[in-house]
Structures are given as C-alpha cells and as structure tokens.
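Please treat every number below as a calculation from the coordinates, not as lab data. Since this is a predicted model, take the numbers as computed values, not measurements. Note: ideal-geometry Cβ built from the backbone for every residue, glycine included; neighbour counts use all protein chains shown.
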Amino acid sequence: MPELSRFLGISISMYFEDHNPPHFHVEYGEYQASIAINGLGLLEGDLPSRILGYVIEWASIHKQELINDWNMVQSTGTYFKIPPLV
C-alpha cells in the first residue's frame, strides 16, 4: 500500500487494484477511514472532526494529484508522493 503523504500524524495511502469509486485511505492513531476523491466525502470509517477537516483541506488542494495517483496506482502500480499540509 503506497503511502502518498504524511502530516500531523496522518498517513494517506492507496491500495493497488482497489475498488471504485476513486478514493484514498487515512490512518490517524487508532482511526481509519476512506475518503472519496470526487466530492471529498467520507466513504467508510471514522476520524476525529479536526483531523477530517485537515484531510479534506489537504485533499482539496491536491485533488488533481490524487486523481493522477489513483489512475497510476490502479494501472501501473506507480505513484508520486504528494506534499503534506503545511
């Protein structure tokens, strides 16, 4: 599972050959969630509201990079790291 970014103790990753819709996975301590790239909504899991806010802010800044990584991870298994939220 490629880790795309890490910031504030939050790990963002994608799985190889994952199911649609395009999404990414978030881990923060004991919390785990899946976030849709289009619409930036919570698909599954749970995150503290403050952490979810950071993740959505980061994802809105890097939405096109997330889409590009989703397509690459699913088709070729390659990806690019995405800068953290600063």
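Data for the structure
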item	result
On Cα atoms only, tilt of 49-61 relative to the major axis of the chain in degrees	40
Segment 1-65: GluC sites (Glu not before Pro) in DSSP loop, at most 15 other beta carbons within 10 Å	17, 30
Share of Cα-Cα pairs in the chain lying beyond 19 Å, as whole percent	28
Segment 12-86: trypsin sites (Lys or Arg not before Pro) falling in loop per DSSP and having at most 14 other Cβ within 10 Å	81
Cα centre as origin, Lys/Arg/Asp/Glu Cβ charges: segment 3-75 dipole, Debye	240
